[in-house]
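Asker: Mind having a look at this structure? Questions to follow.
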Amino acid sequence: MSTDKDQTDYHLGNTDAEHERLIRQAVRLAPVTERFFREAGIGSGQQVLDLGAGVGDVAMLVARIVGPSGKVVAIERDARTINRARARAAEAGLNNIDFVSADIAEYFTDSMFDAAVGRYILQFVPDPVAALRSVAKQIRPGGVVAFQEGSWIPFVSLSAHLPLWYACISLLHESGVRSGVNLEMGPGLHKAFQDAELPAPRMRLEMELASDPDFTRWVSDSLRSVLPQIQKLNLSVEALGDFDTLQERLQHEVRTSNTVVPWIGLVAAWCRKPAS
Ligand SMILES: C[S@@+](CC[C@H](N)C(=O)[O-])C[C@H]1O[C@@H](n2cnc3c(N)ncnc32)[C@H](O)[C@@H]1O
């Protein structure tokens, strides 16, 4: 199945800069995501479905966990993005990933999987319960469903002590909410799993606190990716000053305050599909 839907309705777009942002973000999140998947029960030899593959980082992480006897089917609807994912997987020598160009709302296969995973995807889809229900049908009894989604409430609260940082986070938050992104999809996974007739998931919230440039870069890069949406929504960027010097000024603010700033809360939720 193939859809060539463009990304005009996707909040973060599909520019090369957005792809690089995703890759840097994935490096930072990889240890947390890998630990989560292993705890959830993903292991050697499994067949795993990855929803919303982006440029392939979750699929590649899972491909290494399942090894050459396992397989990952990774779903991504954007053509540019999936091409980048395929090229990166080939470059990494990972032959056990099948990247499928499709909207997750439309994807269905007769194959049964041992697990379904996703990171930062259900928050973008109009009907996450329908997506989980469809996934549940494609998992064998006893199989794993494991998703990581964001929670902005603690992120915004822990950002209030630094004026420029807070102005940036507030703008990102407002543009996300007004574009229809569910920024509390993480905590919402408790209800979403059950509405999809899956068991109530086990859940954990993880949030890194630090002062290194990865954090300020993530904020300035994310603002650049969502700038077209910010402009479409007529939101003011005046309080942020020149975008070209934004990261530098954010980093100066964090460093001179001798405090830490948060990463978006990452909520992990996982369960096993009941045997009957
Ligand atoms: C924030 S990225 C996350 C990528 C990856 N999971 C990661 O954590 O690095 C979300 C990706 O989901 C894709 N996406 C959004 N809605 C989708 C849909 N309905 N079907 C398939 N892909 C979708 C976007 O194109 C984007 O590449």
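Asker: Just to be sure I understand, how many residues within the stretch 214-262 are outside any helix (DSSP H, G or I) and among the charged types (D, E, K, R)?
Answerer: Count: 1.
Asker: If I go through the stretch 163-178 residue by residue, how many of them are polar (S, T, N, Q) and either away from the ligand (no atom under 16 Å from the Cβ) or not in a helix (DSSP H, G or I) (or both)?
Answerer: 1
Asker: Could you check the stretch 61-91 and list, in sequence order, the residues that are away from the ligand (no atom under 14 Å from the Cβ), within 21 Å of the chain's Cα centre (by Cα), open to solvent by 10 Å² or more (accessible area, probe 1.4 Å) and in contact (Cβ under 8 Å) with a residue 12 or more places away in the chain?
Answerer: Listed by number, the residues that qualify are Arg64, Ile65, Lys71.
Asker: Just to be sure, is Gly265 of a type in the set (Gly, Ala, Ser), surrounded by 14 or more Cβ atoms within 10 Å (Cβ to Cβ) and more than 30 Å from Pro141 (Cβ to Cβ)?
Answerer: So Gly265 fits the description; yes.
Condition check ((1) over 24 Å from Ile104 (Cα atoms); (2) open to solvent by 10 Å² or more (accessible area, probe 1.4 Å); (3) of a type in the set (Gly, Ala, Ser)) across all residues:
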site	(1), (2), (3)
Leu158	yes, yes, no
Ser175	no, no, yes
Phe193	no, no, no
Thr216	yes, no, no
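Asker: Something else about it: Scan the stretch 230-243 residue by residue and report those that are open to solvent by 30 Å² or more (accessible area, probe 1.4 Å) and of a type outside the set (Asp, Glu).
Answerer: Once the filter is applied, which keeps residues that are open to solvent by 30 Å² or more (accessible area, probe 1.4 Å) and of a type outside the set (Asp, Glu), the stretch 230-243 yields Gln231, Lys232, Leu233, Asn234, Ser236, Val237, Ala239, Gly241, Phe243.
Asker: Checking Leu227 against (1) surrounded by fewer than 18 Cβ atoms within 10 Å (Cβ to Cβ); (2) under 21 Å from the mean Cα position of the chain (by Cα); (3) under 30 Å from Arg133 (Cβ atoms); (4) of a type outside the set (D, E, K, R), which single condition isn't satisfied?
Answerer: (3)
Asker: More than 10 Å from the ligand (Cβ to nearest atom), outside any loop (DSSP other than H, G, I, E, B), open to solvent by 10 Å² or more (accessible area, probe 1.4 Å) and without any contact (Cβ under 8 Å) to a residue 12 or more places away in the chain: is that true of Arg35 in this structure?
Answerer: yes
Asker: I'd like to know if the stretch 133-143 contains one or more residues that are more than 25 Å from Ala275 (Cβ to Cβ) and at pLDDT 95 or above.
Answerer: The answer is no; no qualifying residue exists.
Asker: Quick one: Ala160 ticks every box in (1) over 18 Å from the mean Cα position of the chain (by Cα); (2) assigned to a helix (DSSP H, G or I) bar one, so which box is it?
Answerer: It fails just one condition, (2).
Asker: Here's something else I'd like to know. Would you mind stating whether Asp9 is surrounded by fewer than 23 Cβ atoms within 10 Å (Cβ to Cβ), within 12 Å of the ligand (Cβ to nearest atom) and over 14 Å from the mean Cα position of the chain (by Cα)?
Answerer: yes
Asker: May I pose another question? Is at least one residue of the stretch 16-26 away from the ligand (no atom under 11 Å from the Cβ), at negative phi and open to solvent by less than 50 Å² (accessible area, probe 1.4 Å)?
Answerer: The answer is no; no qualifying residue exists.
Asker: Can you find even one residue in the stretch 40-59 that is part of a helix (DSSP H, G or I), open to solvent by 20 Å² or more (accessible area, probe 1.4 Å) and more than 9 Å from the ligand (Cβ to nearest atom)?
Answerer: no
Asker: While we're on this one: Give me the residue from the stretch 92-114 that is within 11 Å of the ligand (Cβ to nearest atom) and of a type in the set (Ser, Thr, Tyr) and, out of that set, nearest to Gly67 (Cα to Cα).
Answerer: Checked the stretch 92-114; the qualifying residue nearest to Gly67 (Cα to Cα) is Ser101.
The values are calculated or read from the model by the stated rules, or taken from the named source; none is laboratory data. Keep in mind it's a predicted model, so treat the numbers as computed, not measured. Cβ: placed from backbone, ideal geometry, glycine included. Neighbour counts: every protein chain shown. Calculation scope for accessible area: heavy atoms of the full protein, side chains included, ligands and nucleic acids excluded. Shrake-Rupley method; radii C 1.70, N 1.55, O 1.52, S 1.80 Å.
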